[in-house]
Amino acid sequence: MERNLALIALFAALIAALGLIPKFTLAFGVPITAQSMGVMLCGTVLGARRGALAVLLFLALVALGLPLLAGGRGGLGAFATPSVGFLIGFPVAAFVTGLIVERWRAGLASVAAVASLVGGVVVLYAFGVVGMSLMLDKSIPQAALLVTAFIPGDVIKAILAGLITAGLAKSRPSSVLSRG
Amino acid sequence: MISLTSPVETWAHRVPAGVKLAALSVTTVGLLALQSPGALALALAGVVGLTLTGGPSFARAAVHALKILLPFLLLIAVWHGVTGQIEAGMTVALRLLAALALANFVTMTTRLSDMVAVAAVLLAPLRRLGLSTRALELSVALVVRFTPSIARKGGLLAEAWRARSARRTGWQIIMPLAATALDDADHVAEALRARGGLETTEPTD
Amino acid sequence: MAKDRKAALRTVGILFQNPDHQIIFPTVEEEISFGLVQLGRKRDAAAQETREILELFGKSHWAGAATHALSQGQKQLVCLMAILAMRPAVIVLDEPYSGLDIPTRLQLMRVVDEVEASIIQVTHDPDSVRHFERVIWVDRGRIREDGQAADVLSQFEHQMHNWGEQDDLSDLSG
């Protein structure tokens, strides 16, 4: 019980910390923010339930007024922008990602990558696109068009999340709860 | 960890958080219902007036928070300019600005502790599902306590990267960072158990 | 700016205080070959040079070892090897022995002494630099003494003992 609480809180802190570190570089020198990778890792490392709770805790703190989103943003206003769909999708993404890693017992690196792809990209973008279409008063296809530029970067993030998860399982085997 | 509450004391700081949040919810729903640019422009003017009651430095900080909408406003301007739907474009833009400015006003005039209190009240029904408010308070304290230290370690790892590479920091440093989160979690769990487990009253901070 | 940094990386290596804040990769060989690859070596050449430096230190069996399972002293040695592999002309050591027990400290000091590069060491501990060619005492951002180790260190230790008698521990830095 204490361990669950500690892991959930620490991973919420990890997501926040990833927003404070300046942009990373991906494989081809493209700069990105790593916060969404933190969401994927919550799912792949902690599993569906704990991962989702960690992300919810993070969002709760953002709503309460802490500047934990990348760029020092936060507060209730963060939920009043066109990207709100993505925020709402974060915990769902973590849950789906965690579910896949828990249920699909193949090699961790690939499973985690695929799980991050399904949860952190497909599911997340579904929420994000719907949110954007509502806030910008556009049709779904139009909103989808607006976000296509970000998809390749997030696909790479999903693959990296797989590698990171596999690495963590090797160095901290008892801590990767998704494969209990 | 600094919250987004404005250090400038305004009349709104004294209004109970619950009241502000309820008013915000009602007003935001109202904003979504409005369709004409004229009505929304009035609503925005109202929010601007509200913000100005906080004084010049308060208002400046509020404007700064609106900058996040700039890329979207630009997008709307281009999209609707090209398709000729100026009125629809204005409706969307004004609604976004008004909603964001109002939500931000509540954040800037409400202390973190008051927000936590409201959250505790709202989540009280969930106690049946096994969620104790102490666990929540403890979780919040833990996140506030550990975010700076993990971020600091991230900075140090980034420095260690740049001491050996001319390129921008690579994704590989996320792994030792996540490993640290796992280690810290183990230590925290141990510390909690050493103090009698989750039934204790005070957070570890 | 990038060009200057590349040149700087070839010339100066930095060993930070805490190896836990410095080691990025999960295995020893990845950690050591990282800098080499960043300097432009191909994978094979980097792997070869990594093997060579491990052999030089008699630690060939460390190649596939997990970095997080090493002791503090061992981790510092890995960090040092990672820097030395890049063959810098100058190495800056920032409090490299803090937190290490005496035998480990002595072992690492011996390693550092035998290194070919020029060493600049930042430290609070006079013993670790007593045999250095030149010691610069920096106090509150200003150079207070600069000269031979024996002279500067004796003045330093004298002042430290004086201050130790006082009570500025209670002053907050704010």
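Summary table below
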| quantity | calculated |
| --- | --- |
| Single residue of segment B:144-194 satisfying the filter (buried (at least 20 other Cβ atoms within 10 Å of the Cβ) and of a type in the set (D, E, K, R)) that is nearest to the other protein chains (Cβ to nearest Cβ) | B:ARG164 |
| Test: residue in segment C:56-67 that is closer than 29 Å to C:PRO126 by Cα, among the aromatic types (Phe, Trp, Tyr) and within 14 Å of chain B (Cβ to nearest Cβ) | no |
| Any hit, segment C:99-113, residues being modelled with pLDDT under 90, more than 17 Å from the chain's Cα centre (by Cα) and in a loop (DSSP other than H, G, I, E, B) | no |
| Restricting segment A:20-44 to residues that are among the small types (Gly, Ala, Ser) and surrounded by 24 or more Cβ atoms within 10 Å (Cβ to Cβ), the residue that is modelled with the lowest pLDDT | A:ALA34 |
| Single residue of B:LEU4, B:LEU66, B:LEU42 found to be assigned to a helix (DSSP H, G or I) and in contact (Cβ under 8 Å) with a residue 12 or more places away in the chain | B:LEU66 |
| Residues being surrounded by 14 or more Cβ atoms within 10 Å (Cβ to Cβ), under 19 Å from the mean Cα position of the chain (by Cα) and more than 10 Å from chain A (Cβ to nearest Cβ) - total across segment B:122-138 | 1 |
| Hey, C:GLY13 touching a Lys or Arg at 6+ places or on another chain (Cβ under 6 Å), crowded, with 18+ Cβ neighbours inside 10 Å and not aliphatic (A, V, I, L, M) or not | no |
| Filter pass, B:ALA141 being assigned to a helix (DSSP H, G or I) and more than 8 Å from chain A (Cβ to nearest Cβ) | yes |
| Selection from segment B:95-136 of residues that are under 23 Å from B:ARG14 (Cα atoms), out of contact with any Phe, Trp or Tyr (no Cβ under 9 Å at 6 or more places or on another chain) and not aliphatic (A, V, I, L, M) | B:ASN104, B:PHE105, B:THR107, B:THR110, B:ARG111, B:SER113, B:ASP114 |
| Qualifying residue in segment A:165-179 (condition: in contact with a strand residue (DSSP E or B) (Cβ under 7 Å, 6 or more places away or on another chain), within 13 Å of chain B (Cβ to nearest Cβ), part of a helix (DSSP H, G or I) and of a type outside the set (Val, Ile, Thr)) | yes |
| Single match in A:ALA70, A:ALA106 (criterion: among the small types (Gly, Ala, Ser) and touching a Leu at 6+ places or on another chain (Cβ under 9 Å)) | A:ALA70 |
| Failed criterion for B:THR109 (all others in (1) more than 17 Å from the chain's Cα centre (by Cα); (2) buried (at least 18 other Cβ atoms within 10 Å of the Cβ); (3) more than 8 Å from chain A (Cβ to nearest Cβ) hold) | (1) |
| Helices (runs of 4 or more DSSP H) lying entirely in segment A:87-158 (those with 1 or more residues that are among the hydroxyl-bearing types (Ser, Thr, Tyr)) | A:108-117, A:124-136 |
| Residue under evaluation A:ALA63, criteria (1) in contact with a Ser or Thr (Cβ under 7 Å, 6 or more places away or on another chain); (2) over 28 Å from B:ARG195 (Cβ atoms); (3) in contact (Cβ under 8 Å) with a residue 12 or more places away in the chain, criterion not met | (1) |
| Matching option when the condition is among the basic types (Lys, Arg), under 29 Å from A:ALA166 (Cβ atoms) and touching a residue at least 24 places away in the same chain (Cβ under 8 Å), among C:LYS75, C:LYS42 | C:LYS75 |
| Qualifying residue in segment C:27-36 (condition: in contact with an Asp or Glu (Cβ under 8 Å, 6 or more places away or on another chain), within 9 Å of chain B (Cβ to nearest Cβ) and aromatic (Phe, Trp, Tyr)) | no |
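Results for (1) surrounded by fewer than 20 Cβ atoms within 10 Å (Cβ to Cβ); (2) acidic (Asp, Glu); (3) in contact (Cβ under 8 Å) with a residue 24 or more places away in the chain, shown as yes or no for each residue.
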{"position": "A:THR81", "(1), (2), (3)": "no, no, yes"}
{"position": "A:PHE86", "(1), (2), (3)": "no, no, yes"}
{"position": "A:PHE90", "(1), (2), (3)": "no, no, yes"}
{"position": "A:VAL101", "(1), (2), (3)": "no, no, yes"}
{"position": "A:ALA115", "(1), (2), (3)": "no, no, yes"}
{"position": "A:VAL118", "(1), (2), (3)": "yes, no, no"}
{"position": "A:PHE127", "(1), (2), (3)": "yes, no, yes"}
{"position": "A:GLY131", "(1), (2), (3)": "no, no, yes"}
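The values are calculated or read from the model by the stated rules, or taken from the named source; none is laboratory data. Note that the coordinates shown come from a computational prediction; the quantities given were computed from them, not determined experimentally. Ideal geometry is used to build each Cβ from the backbone, glycine not excepted, and the neighbour counts take in all protein chains shown.
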